[in-house]
Amino acid sequence: MNKKYTHIVGIDEVGRGPIAGPVSVCAFYIPCQNNTKVLLALDGITDSKKLSEKKREQYFDIIKELSKKGECGYAIAHVSAKSIDTKGIITALTSALQTALQKINLNPQTTFIYLDGGLYAPENYDQETVIKGDSNILHISAASVIAKVLRDKKMINYAEKYPHYGFEQHKGYGTKKHKDAIDTYGVTKIHRKTWIKN
């Protein structure tokens, strides 16, 4: 890694596939002087889909503690189903990614970004998009875990508002139970209406 960098960032998204709820992008960063220490603390972290819910929560708790000490940090951005319907998923992802980067507010000149396959940061950042990066680059793995945990919490909250749909279980994915509930109760404000096939 070039010595000019002060921070390394990992970026990943969750919620690209569901038919309800937001798409969420997390930017996780480590100051270079803390890189080894933080990655040791997160030993074994990988793509959030390969971890149990309990394990994801454990890693998230570690990240929150490290973040409180200033040893790393993160930001998440959610883009609503309405925006996805209006602007499309790619524009929604781009918007969420840019918002997450604005929140962490790091100097593009001294920041290097790793992104999971298919994602790209603004051109003024040095960056590398890595296929299966959420499994192979720990900075991206951490972003994947944070995004998954926080989006899941959002969907569990929606389940209280819309109790008939089972959001706490499927998190907005198009399961049979979810589709049956749509047939019975109709769509809600958090459904991606353009994604639901009649």
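Just so you know, all these numbers are worked out from the coordinates, no wet-lab data involved. Predicted model only: the values in this text are computed from it and were never measured. Cβ atoms come from the backbone with ideal geometry, glycine included; neighbour counts cover every protein chain shown.
Values as computed for the structure displayed
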| quantity | calculated |
| --- | --- |
| Subset of region 1-38 (residues that are among the basic types (K, R) and either within 16 Å of the chain's Cα centre (by Cα) or assigned to a strand (DSSP E or B) (or both)) | R16 |
| Selection within region 5-20 - crowded, with 24+ Cβ neighbours inside 10 Å and farther than 13 Å from C72 by Cβ | I11, D12, E13, V14, G15, P18, A20 |
| Unique match (being under 25 Å from K37 (Cα atoms) and of a type in the set (G, A, S)) among S95, S80, S141 | S141 |
